[in-house]
């Protein structure tokens, strides 16, 4: 066994031991740890900014682009945000230990469910140092041990944050190994982490598509992930026009680089000639490039022809593909064929069409009259979010009818757009 | 692409199309299909028994052992059992479409969950032809399409049952491809099935450890499974003696070959000298071979020394390993180290110890004062069961605190044993 493998196995062993301790920690102990962590972040601002300055200097020397440097940078305000985030997670209810659905059986036994931690979570992420604190806090509060692997460009910042985390754990009388940060920047460490089936229960990659694809290929541990977000809005025959314009604009332009941004707009032919010219004006004002089907191009000017590839593209940019469809049936066919099963929304006042869309579209979030941009842990009231999953499997113990199903999030709106 | 690959891809494509249809079928349509299937099984008993006779003759010629031939055999009573099973699944409530936890958010949107099918389920099983009907019925009722691959030794029986299933689907106006049986006996078909990520959402293997290990190695599709059932009963200091004897006997001897049978008995030293001699008499009467730790051997006669391997062994036979422990702490350490995370039970009248065990033991079922033999979909009131899962992952959509947890089954008993 080489040194790296030995090092990683040791981290795994430490995490497994620590997982038993954090699994049984009280909510009070966990909240205490989170609050002290927040205090430590605030008390050590200078040391944290110094550490970050080392990363920033190295980043500039290594020619990181502006966007990456911006993600890497810490300042007073961002540190305050990290501390605030820790306190918010402390304020959330503890999910562990909740007992539910306890029913008496014919034999006299009572059977129910208890919510329990997953065990050890491995998190692999890129530049942003705040993820170190966020991810550690979410894992801690949910009773899990974690092994964190941040980007090598954020090494000094991450280790400085990890020091604050360790102090919080110690202040609450908890083992420091509940949160471990991988100290080597050797890329092979990631390969080891995702294959440590005996020690790691789940891997969560946070980063670009390249990172997630590589990890999915290599992993032997289950991965919580979504690969793309090719999200659709369908404007139905019975849409409220004003609502349709407002949501279609918001879903595309409120932010371009997020996974819940609309990439393809589907418009029923019954309303296309009325709405598409109005929408084209709105998108033009925002500088959005439009790529349309033939009918779309006959209705609006300056729209280039969409190619077959456009329907599967996650632009993450001010580009939108538009297709005019015969109605809800063809819209759902299009979604079935091209969606990444992340988030889809229908704009309609017709109850039957709304409920058909809700039931038949198989995505992790399905919405009625709301912007796809709402697909987010904070907006859903989860309090915080570690990512969005398009995985389906969720079953433990005897598998009956319910075990052969999954759940999706459903959203009922009245035209809300994301502020 | 070779012919087998083409054939399997075609099945996958058919299943994916059929999955959309069954996902939106009404409960009435699904129940109609199940009831006609049951009628068809009864109306075609002769044809089914003829088909089974071909399999039995071939099995004998190929030298299948008695146990396998018994599992393969159909008779009037077993066919009646299959029809009855189909009707029972028709009588269960439809899990699909259930909406829950719908709450209003600050933005005004309402967010909740909807229960939906998984999509396409691949089921790989051995000899028993009744699995063809059971598995198809569970998948159908839960709104999933399925691709079934039974043992080659049951080929004729499975195809004859599949014919009845197809008639049921047609009678309910549903596509026959909702249930497809792989017709080739080429073993490479299994390898294809478990790697068809684009078409198959989950694989469920039903069979011996060899089958499950092979499939887990090869699969790229998620697998619902448990590999072993090394289940423990811990008799605490504060156990009711009569209850302890009754449950320890039942958990081992009610059936030997099942995954929820106790394989290791842990006894607190405070009660070992009283209970172990009495238990030894009971186990002797049943012909159970005992393998014990040193203390166990000092308390009872005719007990061989347990080796290190015994603590990890799933005997599936009249063999039991016994260890005397210092108390609940050491019992949970032993379980943490050796359990397969399937099912564990504590026998105690002490509330604090009972609740600690319930909370801290990380298995798919954790019980208080009940026999491990209860870990079963029927006994848990699920109505039917397609297997038992020791998987943990269950998360779709935005992942918050709850998404970083899982659920286990918990069982409260008052000494119940399995009849």
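The rows are residues; the columns are (1) out of contact with any helix residue (DSSP H, G or I) (no Cβ under 8 Å at 6 or more places or on another chain); (2) not assigned by TED's automatic domain parsing to the domain that holds residue B:57.
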{"residue": "B:102", "(1), (2)": "yes, yes"}
{"residue": "B:123", "(1), (2)": "no, no"}
{"residue": "B:126", "(1), (2)": "no, no"}
{"residue": "B:132", "(1), (2)": "no, no"}
{"residue": "B:135", "(1), (2)": "yes, no"}
{"residue": "B:138", "(1), (2)": "no, no"}
{"residue": "B:148", "(1), (2)": "no, no"}
{"residue": "B:155", "(1), (2)": "no, no"}
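What number goes with the only condition from (1) in a loop (DSSP other than H, G, I, E, B); (2) without any contact (Cβ under 8 Å) to a residue 40 or more places away in the chain; (3) crowded, with 23+ Cβ neighbours inside 10 Å that residue A:200 does not pass?
For residue A:200, the exception is condition (2).
Residue B:288 - would you say it is assigned by TED's automatic domain parsing to the domain that holds residue B:248 and in contact with a strand residue (DSSP E or B) (Cβ under 6 Å, 6 or more places away or on another chain)?
When the stated conditions are applied, residue B:288 passes them.
For region A:27-71, which residues satisfy the criterion of being touching a residue at least 12 places away in the same chain (Cβ under 8 Å) and outside any helix (DSSP H, G or I)?
A:44, A:62, A:64
Out of all the residues in region A:231-259, which are buried (at least 24 other Cβ atoms within 10 Å of the Cβ) and closer than 30 Å to residue A:118 by Cβ?
The answer is A:231, and nothing else.
Kindly state which strands (runs of 3 or more DSSP E) lie completely within region B:317-388 and contain at least 1 residues that are facing chain A (nearest Cβ under 9 Å).
Here the list reads B:343-347, B:365-370.
I need the full set of residues from region B:3-51 which are surrounded by 20 or more Cβ atoms within 10 Å (Cβ to Cβ) and touching a strand residue (DSSP E or B) at 6+ places or on another chain (Cβ under 9 Å), in order please.
If the condition is that a residue be surrounded by 20 or more Cβ atoms within 10 Å (Cβ to Cβ) and touching a strand residue (DSSP E or B) at 6+ places or on another chain (Cβ under 9 Å), then B:8, B:11, B:12, B:15, B:18, B:19, B:22, B:23 are the ones that fit.
The values are calculated or read from the model by the stated rules, or taken from the named source; none is laboratory data. Treat the numbers as computed from the prediction; the structure is a model and nothing was measured. Every residue, glycine among them, receives a Cβ derived from its backbone with ideal geometry; neighbour counts consider all protein chains shown.
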